[in-house]
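The values are calculated or read from the model by the stated rules, or taken from the named source; none is laboratory data. If you're wondering where the values come from, they're calculated on a predicted model, not measured in any experiment. Neighbour counts run over all protein chains shown; Cβ positions are idealised from the backbone, glycine included. The protein model used for the area step is the full one, side chains on, heavy atoms only, and it has no ligands, DNA or RNA in it. Shrake-Rupley method; radii C 1.70, N 1.55, O 1.52, S 1.80 Å.
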Amino acid sequence: MNIMHTDAYRAAFLEYLRKGTPIRLAFKEAATPDRYVWRTQRDTKVRLSHRRNDGRVFRWADPPETGHPGEGFNCRCNAVPYIEGQTEFAFFDLRSASGSGSDRWDNNDFIWYFYVGDGQEVTLEGIGHLPEIIEQYAYRNGAEGAYRRLAGQIAEEARSGRLSFPFKNTYQFEGIEFSHGRSTVQGQFDGTVTEIGDMLRIEGTASFYFLDRFTDPVDLRAFSAFLRESPDRLWRLLQHVGAFVGIGEGPQGPKLKIDEDDVSWIFMFVSELGGTAYPITGEWKAGFLAQVFKDRAKSNYSATQGQTR
């Protein structure tokens, strides 16, 4: 029987609600498991340090730096008793990151390099941003962070017998520095799976690759790309502006004769502003360890419908 369904657990939980008594004390008296899996509420209110703990296995006798679940102020996390072959867990551990350390860049450094860097690539490690990028990607993007979503995707692939697959998506990183904006993180997971009763044990390594491109301080290149995707956007924009200021025809009037290639080239030329666009790259690896139910209906780890990798 799962210990969470026992009278001892219900009594301990009631004492926790009434008096705030840590459930772990009742577990010790009942000789229950000495390990637990940290589980968050999986929403935007979960503090960063607790997101890092989510899905990990801890011992009551050896608490993490955050303390046990429920001990922190307003903590809503749960300690799920760990029973081999019955309790799910999944987590990533950073293994390696490329490049050599350097002083951290701010937005002025990005712009300065636009003028003096001659378009040469820079790395996240070289500009001192790699740890922040990893943390933003892993734990801050979305309600849970990309690591938590990726864990569900890996579990889903394991149930299908596929343990070598690519992933890719774009994320917002301007909170680290405005110059980053939206950037791409892609990668590859490779691992092994072992059946343990009703569960799958998954072990492997995920390789992550970050790609951004600093174009120009006012981002006119993005507007140029916007025009090339749909050339009639420019004449519609100009006609709306003309109608607003009382010059020329409105949107229902005749179309303006515009050479989209020339206009796009002009924006590209202006966007240079004496500088040269350059790529920003980075990479890291993380080990992955999980034990999940084969039946996705019982699992806390599965790919959300419509979720992109």
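Put +1 on the Cβ of every Lys and Arg and -1 on every Asp and Glu Cβ in the stretch 103-172; which of 172, 112, 128 then has its Cα farthest towards the positive end of the dipole?
Value computed over the given set: 172.
Within the stretch 127-223, what whole-number % of the accessible surface is contributed by carbon and sulfur, with the 1.4 Å probe and all protein chains included in the calculation?
In the stretch 127-223, the share of accessible area belonging to carbon and sulfur is 48 percent.
Of 123, 281, which has the most accessible area and how do the rest follow, probe 1.4 Å?
Details: 123 50, 281 30 Å².
Correct descending sequence by accessible area is 123, 281.
Using DSSP to call loops (not H, G, I, E or B), can you name the GluC sites (Glu not before Pro) in the stretch 98-150 whose Cβ has at most 13 other Cβ atoms within 10 angstrom? Don't skip to the answer; put the middle values down first.
Working: sites: 121, 125, 132, 135, 144; in loops: 121, 125, 144.
Here the GluC sites (Glu not before Pro) that fit, given the DSSP loop and packing criteria, are 121.
Run through the stretch 151-201 and list the chymotrypsin sites (Phe, Trp or Tyr not before Pro) located in a DSSP loop whose Cβ has at most 16 other Cβ atoms within 10 Å.
Details: sites: 167, 171, 173, 178, 189; in loops: 173, 178.
Those satisfying the criteria are 178.
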